[in-house]
Amino acid sequence: MTPVKFVLCALSVAALLAGCASRPSDFSQPTPAQPEAASAYQPKPGWTTQRFSVAAANPLATDAGYQVLRAGGSAVDAAIAVQMVLTLAEPQSSGIGGGAFLLHFNGRDVEAFDGRETAPAAATDKLFLGADGKPMAFIDAVVGGRSVGTPGTVRMLELAHQRYGKLPWERLFQPAITLAENGFPVSARLHALLASEPHLKKDPVAAAYFYAADGQPHPVGHRLRNPELAHVLRLIAAQGSKGLLEGEVAHAIVRKVRDHASNPGLLTAADLALYQAKPRSALCHDWRAGARDYRICGFPPPSSGALTIGQMLGLLAHTEAATLPLQDGLPSAAWLHLYTEAARLAFADRAQYVADPDFVAAPGGTWQSLLDSHYLAERAKLIGSTSMKVGKPGLPGTIKTAYAAMPEQAEHGTSHISIMDATGQAIAMTTTIEDGFGSRQMVNTGGARSGGFLLNNELTDFSLAPSDAAGLPVANRVQGGKRPRSSMSPTLVFDKASGQLAMSGGSPGGALIIHYTAKLLYGTLQWSLNAQQAINLPNFGSLGGPTLLEENRFPATTVNGLKARGHEVREVTLTSGLQAIQKTPTGYFGGADPRREGVVMGD
């Protein structure tokens, strides 16, 4: 397929998809803020394909990846095309101004590519302390330049493409460039999020792009053009990551961050130019579900996702959870009790130990100490017949930590991409600018072109408080060049006996990503649901305090059953955005979350 036909085909199918997607298809802790507001619930059918499959959070982005795979591109090639379109069409969640974790399976081995943002070299652990020495309010820290970390997504994708790309780098940007120039229809979800967003209008560039002259967001279906983003993407297509991290775009980023009138940041041109994406070893563990053994691979620190999921599954293995089936198609109160108790223990360890491994040593010298079966067996003895309310960290390994536990604080939005290509390679990639619309700062290089791209607020994933009352430092405190702890949980699952890839999956959702992804794993592997059925299950979890249930999804008997076991139950909106692809005997089966606008495509 020629480049011109490639673009035209992407646009024609994408326009059709966009039209289809718009149809309705002494215990106290605050309820965690949701990364993004809910929008219309659209039932999804699940999608069966034979040669390849791509799942992403927006139909236009899914289509871009589909066209790349049809043109003979690799899973990594398709991920690049998907991410560039997400920058345009799902700007609240991810983009070239943010960071990402990518897991890649090359047919033999699993590799992890770390594109997490870094703190400016000049940053200290007092970055988010006010004049009174106390941590800033979360939203005060977010909005402006202070929260912006060095963007890593593009340089990470460049590294992955150097190893596994098949199509030319510049060709992968064409769908997003053409959509940016010609425009794309504002979706119902984007419109709803813009209507409920109070801070984005404070940035003149963002206000002029996202909102009409009367201050209202552009209506659903409005064709939104972004010529400035098209210009930036052309520079990246021609120059690689230097097109973003050096030259005119880098200077525009630095100006935006440092010249903010009320909340300036510390980012410099040197921080951008010197950023390095890092190859890491995937974090894998074994889990038995039913009569089969699986190898579950996720992302290592600075992500906490794979560790926390692995701990929860490992703790549940030492309880009767596996003997508790779904009741009327839903998790029972007895199972939810065990699950959320395991979560309290796992999240306590997460708060105590997990941070950037280049700055903080793993307990006992290895992160596997947190997944050790003997350690988890001892921890599981703490799970009783009534709720423990709040879990406490354990002592893995033999070395006691000198760090304080990190207080729970908000984590916010992301997007997830899963792809399996025709050669057997696969990716699971979770990508983010953190809060909805990031730092609310839109970069424009200063020409007459409207639009641009949003910058992340990733530094607020660090602990705003650098130490506890006793002066012990928090492992995940701000330090120059450090990567903030994340909950992103891109996951690849393998049948242990054969070594064959079984599934790729993940979700957005802040700290609740961990629970959404765990639900997918338990639903498919233990309860034998297909990916779509598992995604459709109501959401649940605990971040260490209250037991959270997706509102209006569980019967009163379940809620009362948890309360009888001592749980403080809160029924809240839990807006996951799961994407998953399973390998089947005849090809692939993909699922997308009905709570958002994602779809799956393939041949």
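The values are calculated or read from the model by the stated rules, or taken from the named source; none is laboratory data. What you are looking at is a predicted structure, and each value in this text was computed from that prediction instead of being measured. Cβ sites come from the backbone with ideal geometry, for glycine too, and all protein chains shown count toward neighbours. Ligands, DNA and RNA are stripped out before the accessible areas are found, and what is left, the full protein with its side chains, is counted by its heavy atoms. Shrake-Rupley method; radii C 1.70, N 1.55, O 1.52, S 1.80 Å.
In nm, to one decimal, how far is the THR584 label point from the ASP293 one, both placed 7 Å along Cα→Cβ?
Label at THR584, label at ASP293, 2.9 nm between them.
Please state the equivalent ellipsoid semi-axes for the stretch 132-283: what are the square roots of 5 times the Cα gyration tensor eigenvalues, largest first, in whole Å?
On the way: eigenvalues 152, 121, 45 Å².
Each semi-axis is the square root of five times an eigenvalue, giving 28, 25, 15 Å.
Show me the ranking of peptides 530-537, 378-385, 570-577, 431-438 by mean Cβ neighbours inside 10 Å, starting with the highest.
Values: 530-537: 22.2, 378-385: 15.2, 570-577: 19.5, 431-438: 30.1.
Descending packing order for the listed peptides: 431-438, 530-537, 570-577, 378-385.
Could you sort 139-150, 358-369 so that the peptide with the highest average Cβ count within 10 Å comes first and the rest follow in order? Don't skip to the answer; put the middle values down first.
Details: 139-150: 25.2, 358-369: 17.5.
The densest-packed peptide leads the list: 139-150, 358-369.
Using Cα pairs closer than 8 Å and at least 6 residues apart in sequence, work out the relative contact order for the stretch 436-524, in percent.
Details: 107 pairs, mean separation 14.4, N = 89.
This gives 16 percent for the stretch 436-524.
Over all directions, the average projected area of the alpha-carbon convex hull for the stretch 73-204 comes to how many nm²? Walk me through the numbers before you get to the answer.
On the way: hull surface 44.3 nm².
Mean orientational projected area (the stretch 73-204, Cα hull): 11.1 nm².
Given all pairs of different Cα atoms, what value in angstroms does the Kirkwood hydrodynamic radius of the stretch 74-152 take? If you can, show how the numbers build up before the last one.
Values: mean 1/r = 0.0658 Å⁻¹.
One over the average 1/r among Cα pairs gives 15.2 Å for the stretch 74-152.
Accessible area per residue, 1.4 Å probe, Å², for the stretch 84-194: what's the number?
Details: 3180 Å² over 111 residues.
So the stretch 84-194 comes to 29 Å² accessible per residue, rounded to a whole number.
Please compute the alpha carbon radius of gyration of the stretch 220-326, then divide it by the globular-protein estimate 2.2 N^0.38 Å. Two decimals is fine.
That works out to 1.76 for the stretch 220-326.
Can you give the Kirkwood hydrodynamic radius of the stretch 464-505 from its Cα pairs, in Å with one decimal? Present the calculation step by step, with values, prior to reporting the outcome.
Numbers: mean 1/r = 0.0724 Å⁻¹.
After inverting the pairwise mean of 1/r, the radius is 13.8 Å.
Per residue, how big is the convex hull around the C-alpha atoms of the stretch 551-603? Give it to me in cubic angstrom, could you? It would help to have the intermediate numbers written out before the result.
Working: hull volume 6.3 nm³, N = 53.
Cα-based convex hull of the stretch 551-603, divided per residue, equals 119 Å³.
Determine the relative contact order of the stretch 559-603: mean sequence separation of Cα pairs under 8 Å and six or more apart, normalised by residue count, in whole percent.
Working: 39 pairs, mean separation 12.3, N = 45.
Here the relative contact order equals 27 percent.
Can you tell me what the convex hull of the Cα atoms of the stretch 473-548 projects to on average, as an area in nm²?
Details: hull surface 30.0 nm².
The Cα convex hull of the stretch 473-548, projected and averaged over all directions, gives 7.5 nm².
Could you tell me the convex hull volume per residue, in Å³, taken over the Cα atoms of the chain?
In the chain, the Cα hull volume divided by residue count equals 138 Å³.
What are the principal axis extents of the Cα atoms in the stretch 273-379, in Å, biggest first?
55, 24, 23
Please give the per residue accessible area of the stretch 469-603, computed with a probe of 1.4 Å over protein heavy atoms only, in Å².
On the way: 3570 Å² over 135 residues.
In whole numbers, the stretch 469-603 has 26 Å² accessible per residue.
For the residue pair ASN560 and ALA122, what label-to-label distance in nm results when each label sits 7 Å from Cα along the Cα-to-beta-carbon direction?
Result: 6.2 nm between the two label points.
Tell me, what is a quarter of the convex hull surface for the C-alpha atoms of the stretch 460-603, in nm² with one decimal? Walk me through the intermediate numbers first.
On the way: hull surface 51.5 nm².
One quarter of the hull surface, i.e. the mean projection, equals 12.9 nm².
So, for the stretch 355-426, what is the accessible surface per residue at a probe of 1.4 Å, expressed in square angstrom?
Working: 3330 Å² over 72 residues.
Accessible area per residue: 46 Å².
With a bin width of 5 angstrom, please list the P(r) values of the stretch 40-89 as percents of all Cα-Cα pairs, from the 0 bin to the one holding the largest distance.
The calculated distribution, bin by bin, is 4, 22, 28, 21, 15, 6, 2.
Mind checking the stretch 37-112 for trypsin sites (Lys or Arg not before Pro) that DSSP puts in a loop (not H, G, I, E or B) and that have at most 10 other Cβ atoms within 10 Å? Spell out each step's value before the answer.
Working: sites: ARG51, ARG70, ARG108; in loops: ARG51, ARG108.
Sites meeting the loop and neighbour criteria: ARG108.
On the protein heavy atoms, probe 1.4 angstrom, tell me the percent of accessible surface of the chain carried by carbon and sulfur.
54 percent
Go ahead and collect, in residue order, the members of the stretch 567-592 whose backbone nitrogen is under 17 Å from a label point 7 Å along the Cα-Cβ direction of ALA497.
584-585
Once you sort the root eigenvalues of the Cα gyration tensor of the stretch 394-526 as a ≥ b ≥ c, which label holds: rounded (a/c under 1.5), prolate (a/b larger than b/c) or oblate (the other case)?
Values: a/c = 2.41, a/b = 1.08, b/c = 2.24.
Because a/c hits 1.5 or more and a/b fails to exceed b/c, the stretch 394-526 counts as oblate.
Residue by residue, what Karplus-based ³J(HN,Hα) values in Hz, rounded to whole numbers, does the stretch 363-371 have, using 6.51, -1.76 and 1.60 with θ = phi - 60° and x for Gly and Pro?
So the J values, rounded to whole Hz, are x, x, x, 8, 5, 5, 4, 6, 10.
What distance in nm lies between label points placed 7 Å from Cα along the C-beta direction at ALA448 and LEU382?
Those two pseudo-labels are separated by 6.4 nm.
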